[in-house]
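I have a structure here, written as C-alpha cells, and I will follow up with some questions on it.
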Protein chains: 2
Amino acid sequence: MESIIEQTSNDEVFDRIFHPANIAIIGVSPKGSGFGSGIMNALNAIGYAGGIFPVNPNGGRINGKELYRSLDEIPCPVDLAIIAVPAERVPQTLEKCRTFGIAGAEILSAGFSEAGTTTGEALEDEIRTIAAKGIRVIGPNCFGIYCPASGLTLLPGPDLSRESGNVAFISQSGGMSIDLAHIGKWMGLKFSKVISFGNGVDLRETELLEYLGHDRQTKVIAMYMEGVKDGREFLRVLRQVAAHKPVIINKGGLSKAGGRAVASHTASMGGSKVIWESALRQAGAIQVGDLCELAQTCLAFSMLPIMKYQGVSVAGGGGALGVSAGDLAERFGLDLPKFDDALSERILESLPRPGSSARNPIDAANPFVGPDAYKQVFLLAGSDQRIDVQVLIQLLHHFKAIALGLGVDSVKEITPYRELSIAMKDAIDSTGKPIILVMPEFKQGQDSLDITDLIRETRQVFLERGIPVFNDLGNALRALSHVSQYAQFVRSLGTN
Amino acid sequence: MESIIEQTSNDEVFDRIFHPANIAIIGVSPKGSGFGSGIMNALNAIGYAGGIFPVNPNGGRINGKELYRSLDEIPCPVDLAIIAVPAERVPQTLEKCRTFGIAGAEILSAGFSEAGTTTGEALEDEIRTIAAKGIRVIGPNCFGIYCPASGLTLLPGPDLSRESGNVAFISQSGGMSIDLAHIGKWMGLKFSKVISFGNGVDLRETELLEYLGHDRQTKVIAMYMEGVKDGREFLRVLRQVAAHKPVIINKGGLSKAGGRAVASHTASMGGSKVIWESALRQAGAIQVGDLCELAQTCLAFSMLPIMKYQGVSVAGGGGALGVSAGDLAERFGLDLPKFDDALSERILESLPRPGSSARNPIDAANPFVGPDAYKQVFLLAGSDQRIDVQVLIQLLHHFKAIALGLGVDSVKEITPYRELSIAMKDAIDSTGKPIILVMPEFKQGQDSLDITDLIRETRQVFLERGIPVFNDLGNALRALSHVSQYAQFVRSLGTN
C-alpha cells in the first residue's frame, strides 16, 4: 500500500509541475535580456493561459507590467517556479520557493558541475539538499518542460505546437529537446511531455521514466541520455516500462571523444559502449544512433500498429527506387514477397505499359500514375496475405515539368496529392493494412521552394489521415523494423 | 600504337556524341506527347544551341515548325540521334542513322529485354549487330545524356544546371541519373557528363568508365550499376581508373528482392553481395549504400583535397551536437583530438561564458556566436597540427526567434550568413585546412519556408567560396571518411 500512496502523492506533485495554474519566473531582467525574459516571452507567445509572475528583487517593469520583488508579493499559490538567476544565487532562491509551497522548479541557469568547478559542484549539493526537503527540481543547466496541453514551453520555444500527442521525450540535453520538439511539429510527432533535465540533480532519467511509464497521455517514450546516475536502478525501471510501452533510447557519449563532450556538457560519465548497448537491449529498449533516427522511430511507433512486420510491398515511379527497396528491406530484416503471376498481372492492369512491372517492388514506369490507379494497386497488393504493410513512394517534383508544360503557375494546383491521400486512406480501411508514404526531396534549390511547399502540404494531408510520411525509404524501413522488433520483444515476454 | 589510334578515334566519336553540332530526334509526335517531343522541349528549355531536327515519317508540324519525314531531308551532317519510336521500329531506324553517318544514338524507347519477352531480346540482338557495324548506342530503355557544357540533357531534364564541373555519373538507371542531376544542382555537385545507359546493349559500364578515366573534364566518377556484363574486364578497367581517379559505386540489387527488381528493371543479373563487395573494394572503388550517400560522397571528392583525414575539429552551438560528433567521428574512423589547456583557454576567449567549452568538440553555448568569433575559433583550432579538417555546425532556424524579437520581417536580413562564409574562407586561407559546413534543417513546416530559403541561400554562398555543405554531421563525416580511405588506397599503390 505504501508505494501506491507515495505514487499518488508524487503524481499530484507532477501534475502541479506539468499543469501549473500559476508560474513564478525568478530572474527576469527589466532590460528584456537573458533566460528569464526569454522564457516569459515564450510562454506568452505559445499561449500559456495561467498566471505568470515575473520576479526580480530589484524591481522594475517589463512589457509595461511591474516586476514582483519577491515571491511574497505574489497574491496566490504558485505551482511551478522557473529560476534564471546567476548560479550562486540559485540555492537561496530555491529554498524560498520551497518555503513558499511551490511544487517544483525548473532551473535554467548554467554554471554548475558542467563548468568543472568545485563551486559548481558545491552549489549542486546545496540544491540537492533543498530538493530533498520537499521541492522537485528540473535542471540546472536545462531548457525546462514542454507540455502542449498546459502551454508550458522550452526555453527558446515560442513557436512550438500546441497539439498534444502520445510521445514523451526525456532529454539530458536542452539542444536535443528543442530540436526534437521542432522536428515533431512538421514531421507529425505530437508530444505529451518533453523534459530537458540538464545536470539532473534531482529529477532525472529513472524517476521520469517511471512517471511516464504510468502517464496515461504517453504511449511512446523517447530518451536522450549521456550519463546515468544509478545504472542498476535505471535498468530495473526500464525493464518494467519497456514491457508495456516502447522506450526509444539515444545514448550519447559512447565513444572516446563523445564521452569527453559529455563530461563538459552535462557533467556525467558516458560509459562503455558494448556494456550499455547490450544492457539496454536486454531490458527491451529500442536503441537509435542519432536525433533523426530517434524522431523517425517515434513517428512509426506513434502512428503505426505495434506488431511484427515482415512482408512489405513498395510501389512508386522509377525503377531504381524499387531495386533499392529490395536491398534496404533485406538490410532491415524485412521481406518484399514476390507476387505470383496472377496478382502481378492484375496489378499491371492499372499501370502504364510498357515500362511498369509488378512483382514487388511495383515499378509504375512514370511518376504521374493517378490516385485511382494507385488505389487499385494497393488494394490488390494488400490482398496478398504475406503483406503486412505497404509503402508508396512519390517524387512530386516531377509534377513541376507538367505544370510548366501546361503553362500553369502553381505546381500545387495540378498535383493530385489530396486525392492520393484519400485513395490511400481507402486502401488502408479496405485492406486493414497500414500504408507509409515516402517523399524524397531531390529538388532543394532556391528555385524550388514551390516544390518544397507542395511536399510539406502533402505531408500534412497524409498525416491528417493517419499515414506517416518519411523523406527516405531507408529511414522508413529502419523505423518500421524497430517497431517490428519491439513487438517481437513484447511477445517473447508473454511466452516466458 | 594500335590502341592509341583506336583510342583517338573512339574519342572523336565520343566527342561528336557528347558535343553534337546537330541532333536528329526521331519519333516526335505532332501532338507533342511522348518521349520524342519531351526531349525536344527539354533541349530547347536548357538552351542547347546546336541544330535540332525532329523527324516523323508521317510528317506534321510541332511548335510551328515542319517535321522532317526522314533523315534524308536534313540538310546537314548529324552527330547524335535521339530515338523515341516504338521498340519494333528501333532497329530499322538505327540502321538508317548509321548509313546517314551519325556517330551515336540514344534510344529512349522501352519494350526490350527488360520486358522479359523473346521479342524484346531479339530486337536487342538486332540493335547490337547494327551498332557493331559502326554506330555507338546508348540504351535502349534509358534517359540519355546530360552534358552541361554542350547543352545535352536527360529525358525529363528541362531545368538542369548549365554549369559544368568535374563529376561524371554513369547510371544503369534513368531514374537515378535524373535524380542525381537534380540533387547536384542545389547540393553543389557540378557535372562533366551524366550518362543513363539503361539496358546497355552497346555502350555500358566498362567502356564508359574507361572513357571517363581519361576524360580531362572528369575528376570524380560515380556509378550506379545493377548488373555487369563482363565482370572480369570491368574489374580490370576499374583497377586502372581507380588508381588515379576516385570511382564511387552504388551497386544495386545485391539482395534477393533487389536482384529481382534488377531483372525487371534493366534485365541484368545482380550477383552475390559478398563477392561483389570484396571485388570492388580490392579494385579500389569507393562503395556507397544509396543515392544520398553517393551524392554526398561525390560532393566531398569534388570539393575537398583528396588526402588522408584523421583529426577533425567540430564547432557549433548546442552541446548534444558535440557529443554526437565524437560518437560519429569514431564510427567513421576519424578522431576529435582533445585540445590542450592553453589552446582550449584561448579558444574560449572568443566564446560566451559560462556555457561554452572548447576541448573539441567546441560547444559555443548558443547559436548566435558571430563570424568574427568563429573566425578566431577556427584559426586557433586549425593551428593544432593534429587537425586535418574543421567542421562548423549552424542551426540557422534559431535566428527566427531573434527576428521575431526584433520585429523584423525577414530572418535573412538579420542572419550574418554571408559574413560567416567570408570568415570561414579567411580561416581556410590562413590555416590551409579545409572547412565543412553542416546545416541541419530541424524546421521544415509550412510556416518555415523563410528558414528553408535562408538555409538554401547560405548553402549557395558557402559553395561559392568552395566550402562544401551537408545537412547532417554524420553524412559529412561519412563522406570525409570515404575521401580519406581513397587517399590511403592510392598511397598504398605507390608503395607497392
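Could you give the length gained on full extension between A:Leu449 and A:Asn10, defined as 0.36 nm per residue of separation minus the Cα-Cα distance, in nm?
On the way: separation 439, 0.36 × 439 = 158.04 nm, distance 4.91 nm.
Gain in length upon complete extension: 153.1 nm.
Hey, how many Å between the Cα centroid of the range A:41-85 and the Cα centroid of the range B:436-496?
Using only Cα atoms, the two centres lie 44 Å from each other.
Under the convention of a label 7 Å out along Cα→Cβ, give the distances in nm from B:Gln488 to the same position in every other copy, shortest first.
Those separations, rounded to one decimal, come out as 3.3 nm.
Antiparallel DSSP bridges in the range A:91-204: what percent, to the nearest 5?
Values: 4 of 13 bridges.
Taking every DSSP beta bridge with both residues in the range A:91-204, the antiparallel ones total about 30 percent.
Need the C-alpha centroid separation for the range B:185-212 versus the range B:337-383, integer Å.
So the two Cα centres are separated by 44 Å.
Additional query: Calculate for chain B the 222 nm mean residue ellipticity that helices alone would give, adding -39,500 (n - 2.57) per DSSP H run of length 4 or more and normalising by residue count, nearest 500 deg cm²/dmol. List each step's numbers first, then the result.
Numbers: 18 runs with 226 residues, N = 496.
Result for chain B, helices only: -14500 deg cm²/dmol.
How would A:Asp327, B:Asp15 rank on accessible area, largest to smallest, probe 1.4 Å? Intermediate values should be presented prior to the final figure.
Numbers: A:Asp327 35, B:Asp15 85 Å².
Most to least solvent-accessible, the answer reads B:Asp15, A:Asp327.
Enter the accessible area of B:Met307 (Å², nearest 10), with the probe set to 1.4 Å and all protein chains included.
Surface open to solvent at B:Met307 totals about 70 Å².
Just to make sure I understand: if all protein chains stay in place, what is the order of A:Lys443, A:Lys190, B:Lys338 by accessible area at 1.4 Å, largest first? Could the numbers behind the result be given before it?
Details: A:Lys443 15, A:Lys190 80, B:Lys338 100 Å².
Ranking A:Lys443, A:Lys190, B:Lys338 by accessible area, largest first, yields B:Lys338, A:Lys190, A:Lys443.
A further question follows. Nearest 5 percent is fine: what portion of the DSSP beta bridges confined to chain A is antiparallel? Each step should come with its number before you reach the end.
Details: 8 of 57 bridges.
For chain A, the DSSP antiparallel bridge percentage is about 15.
Send over the Kirkwood Rh of the range B:294-443, from the inverse of the averaged 1/r over different Cα pairs, rounded to one decimal Å.
Working: mean 1/r = 0.0628 Å⁻¹.
In the range B:294-443 this quantity evaluates to 15.9 Å.
I've got another one for you. Under 13 Å between alpha carbons, and skipping anything fewer than 8 positions from B:Lys190 in its own chain: which aspartates and glutamates qualify?
List returned: B:Glu163, B:Glu464.
Under a 5 Å amide H to amide H cut-off, with H placed in plane at 1.01 Å, what residues pair with B:Val228 once short-range neighbours are removed?
Amide H neighbours of B:Val228, under 5 Å, 5+ apart: B:Met269.
Another question about this same structure. Among DSSP beta bridges lying fully in the protein assembly as shown, give the percent that are antiparallel, nearest 5. Could the numbers behind the result be given before it?
Values: 16 of 114 bridges.
In the protein assembly as shown, approximately 15 percent of DSSP beta bridges are antiparallel ones.
Please list, short to long, the whole-number percent of alpha-carbon pairs of the protein assembly as shown in consecutive 20 angstrom bins beginning at zero.
13, 42, 32, 11, 2
Kindly sort A:Val408, A:Val28 by accessible area of their heavy atoms, largest first, with the probe set to 1.4 Å.
Working: A:Val408 40, A:Val28 0 Å².
Descending accessible area places them as A:Val408, A:Val28.
What is the mean projected area of the alpha carbon convex hull for chain A, to one decimal in square nanometres? Show your work: numbers first, answer last.
Details: hull surface 107.6 nm².
Result: a mean projected hull area of 26.9 nm².
Give me the count of lysine pairs in the range A:394-476 whose alpha carbons sit under 18 angstrom apart, restricted to pairs 8 or more positions apart or on different chains. Display every interim value, and only then the final one.
Values: A:Lys400/A:Lys412; A:Lys400/A:Lys443; A:Lys412/A:Lys443; A:Lys425/A:Lys433.
Eligible lysine pairs with Cα atoms under 18 Å apart amount to 4.
Averaged over A:467-480, how many beta carbons belonging to a partner chain fall within 10 Å of each residue's beta carbon? The partial results should precede the final answer.
Values: counts 0, 0, 0, 0, 2, 3, 2, 5, 1, 0, 0, 0, 0, 0.
Mean shielding by partner chains, rounded to a whole number: 1.
Shifting gears a bit: Net charge near A:Leu238: determine it from the other residues with C-beta under 13 Å of the C-beta of A:Leu238, scoring Lys and Arg +1 and Asp and Glu -1. Present the calculation step by step, with values, prior to reporting the outcome.
Details: positive: A:Arg232, A:Arg236, A:Arg239, A:Lys245, A:Lys251, A:Arg281; negative: A:Glu205, A:Glu207, A:Glu210, A:Asp230, A:Glu233.
Within the 13 Å Cβ shell, the charges total +1.
Please list the equivalent ellipsoid semi-axes of the range A:338-395, computed as the square roots of five times the alpha-carbon gyration tensor eigenvalues, in descending order and whole angstrom. Can you show the working numbers first?
Working: eigenvalues 56, 34, 19 Å².
Taking √(5λ) for each Cα gyration eigenvalue gives 17, 13, 10 Å.
Let me ask something else. What's the carbon and sulfur percent of the range B:70-177's accessible surface, probe 1.4 angstrom, rounded to a whole number?
Working: 1810 of 3420 Å².
Of all accessible area on the range B:70-177, carbon and sulfur atoms account for 53 percent.
List the trypsin sites (Lys or Arg not before Pro) within the range B:105-172 that fall in a DSSP loop (any state other than H, G, I, E or B) and whose Cβ has at most 15 other Cβ atoms within 10 Å. Present the calculation step by step, with values, prior to reporting the outcome.
Values: sites: B:Arg128, B:Lys133, B:Arg136, B:Arg162; in loops: B:Lys133, B:Arg162.
Those satisfying the criteria are B:Lys133, B:Arg162.
Where does the range B:310-372 land on the Kirkwood hydrodynamic radius, alpha-carbon pairs, in angstrom? Before the final figure, lay out each step's value.
Values: mean 1/r = 0.0844 Å⁻¹.
This gives a value of 11.8 Å.
On to the next question. Check cross-link reach from A:Lys96 to the lysines: straight Cα distance under 30 Å, and skip same-chain residues fewer than eight apart.
In chain and number order, the partners are A:Lys31, A:Lys65, A:Lys133, A:Lys193, A:Lys229.
So how tilted is helix A:2-18 from the main axis of chain A? Cα-based, degrees 0 to 90, rounded to 10.
It works out to around 80 degrees.
The values are calculated or read from the model by the stated rules, or taken from the named source; none is laboratory data. What you see is a predicted model; the values in this text were computed from it and never measured. Cβ atoms come from the backbone with ideal geometry, glycine included; neighbour counts cover every protein chain shown. Accessible surface areas use protein heavy atoms only, side chains included; no ligands, DNA or RNA. Shrake-Rupley method; radii C 1.70, N 1.55, O 1.52, S 1.80 Å.
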